[in-house]
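Engineer: To start, I am sharing the structure in question, which I have written as structure tokens.
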Amino acid sequence: MITIVLTNRNRSLSLITNCFASLRRQNNQNFKCTVVDYGSNPQNQKLLQSEINKHVNFELILCSTQKQLWCKSRAINLALKQCDTTHFFAGDIDMIYHPHFIEELHILKDKHKVVYFQVGFLSENESNTDKDFEDYQIAFPSNEEATGMTLYKTEILKSINGYDEFYHGWGAEDTDVHVRLKNANVEVAYFDRDILMLHQWHPKVYRGKDSLEPFHFKLESINHKYLEFTRQTKKVVANTNFEWGHYSASDYSVLEAPQQEFLVTNELADVKGFIHSVLLDHADQVISVKIREHSEYNSLKQTAKKLLNKKAKEFLSLEEVNDLLLETIIADKRNAAYSYRYSVQKNEIALVIKL
């Protein structure tokens, strides 16, 4: 049997129902589908649960990670960790799958340890139509660089600790797995004989100026540099310093009652002192911190001292503080339950975390 894993955060219900309908129409039903919802808003999670309940071979993993960075790697690994089938397909919830897709997976799994698939992209207008798979007009196909849709022999993917959970935000985690498998001399095949899945158009989601969601302003470029070093170092096994595929629902329930509260400014010494003395040093404690601009930030006094080469306070912008905090969480506290808000309008960062 094959496990299909689909990850989600606030995708529209119409995209999801189209995807599920295509799986329901498979001529080979020898599969089960695990959907991992990694932090959709509660209303969307309820709607998704209702949709999942209509399918006998579907299961849902819900994560209360609404106020955390998106981590597709961790979401996939949650399903991989509990996977008990011989093969594991990492797909996307915005795809429409060919009626013979599962049948083709069963044929290919006996030929390849790892194989990934070409995808056909639909235009906005075409995505809004309801047709038989073969009748859709494809705007353009993906090429070999698009590595997201992959079938694995489960034991091989588990042997390299699954997807690398360093990757947060969007980009590079799929390619990283392929790179590490090739570093382990595992052949990664590419299937482009037919297009077996269609990507439904949807608008890109951008962080608005009023948004409070966590966002790292340079994370995508860091992800790609991280991938380059994975290639250079011939890395095979990921997540060696953390338990991979870990999520504790009970840890999130205690975030409402922090045991200690801190107020930190954007002075460099203040931020780094907090990170090293509290964030990286405390354990078994729920703490909250609010970070606001120092009263002397951009003041005439501090500006004059700099111009006169006198000792002045060093400050970070709130954006720099934001990036530093999130990098610290990714590098050292990625399995911790946390809630993170960054208000550009209020010039305030608020973090609650279970250390």
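The values are calculated or read from the model by the stated rules, or taken from the named source; none is laboratory data. Please read these numbers as outputs of a predicted model, since none were measured by experiment. Note that we place each Cβ from the backbone using ideal geometry, even for glycine, and neighbour counts take in every protein chain shown.
Engineer: Would you say Tyr252 is touching a strand residue (DSSP E or B) at 6+ places or on another chain (Cβ under 9 Å), assigned to a loop (DSSP other than H, G, I, E, B) and not small (Gly, Ala, Ser)?
Structural biologist: It is false that Tyr252 is touching a strand residue (DSSP E or B) at 6+ places or on another chain (Cβ under 9 Å), assigned to a loop (DSSP other than H, G, I, E, B) and not small (Gly, Ala, Ser).
Engineer: Do we have any residue at all in region 224-237 that's farther than 30 Å from Tyr136 by Cα and aromatic (Phe, Trp, Tyr)?
Structural biologist: Yes, some residue in region 224-237 is farther than 30 Å from Tyr136 by Cα and aromatic (Phe, Trp, Tyr).
Engineer: Which pairs do you get when a residue that is among the hydrophobic types (A, V, I, L, M, F, W, C), found in region 224-241, comes within reach of a residue that is assigned to a helix (DSSP H, G or I), reach meaning Cβ atoms under 6 angstrom, with the pair 6+ apart or on two chains?
Structural biologist: Leu227/Asp176; Val236/Arg180; Val236/Asn183
Engineer: I'd like the full set of residues that are part of a loop (DSSP other than H, G, I, E, B) and at pLDDT 95 or above, limited to region 318-344.
Structural biologist: Lys333, Arg334, Asn335, Ala336, Ala337
Engineer: So which residues in region 40-72 are surrounded by 22 or more Cβ atoms within 10 Å (Cβ to Cβ) and not hydrophobic (A, V, I, L, M, F, W, C)?
Structural biologist: Those that are surrounded by 22 or more Cβ atoms within 10 Å (Cβ to Cβ) and not hydrophobic (A, V, I, L, M, F, W, C): Gln68, Lys72.
Engineer: What about Glu173, is it surrounded by 15 or more Cβ atoms within 10 Å (Cβ to Cβ), over 21 Å from Asp94 (Cβ atoms), touching a helix residue (DSSP H, G or I) at 6+ places or on another chain (Cβ under 9 Å) and not aromatic (Phe, Trp, Tyr)?
Structural biologist: Answer is no for this residue.
Engineer: Then there's this: Given the criteria more than 25 Å from Lys234 (Cβ to Cβ) and of a type in the set (Gly, Ala, Ser), does Ser159 qualify?
Structural biologist: In short, no.
Engineer: Within region 179-189, take every residue that is in contact with a Phe, Trp or Tyr (Cβ under 9 Å, 6 or more places away or on another chain) and buried (at least 17 other Cβ atoms within 10 Å of the Cβ) and give me the one that is farthest from Leu105 (Cα to Cα).
Structural biologist: Looking at the filtered set, the residue picked out is Leu181.
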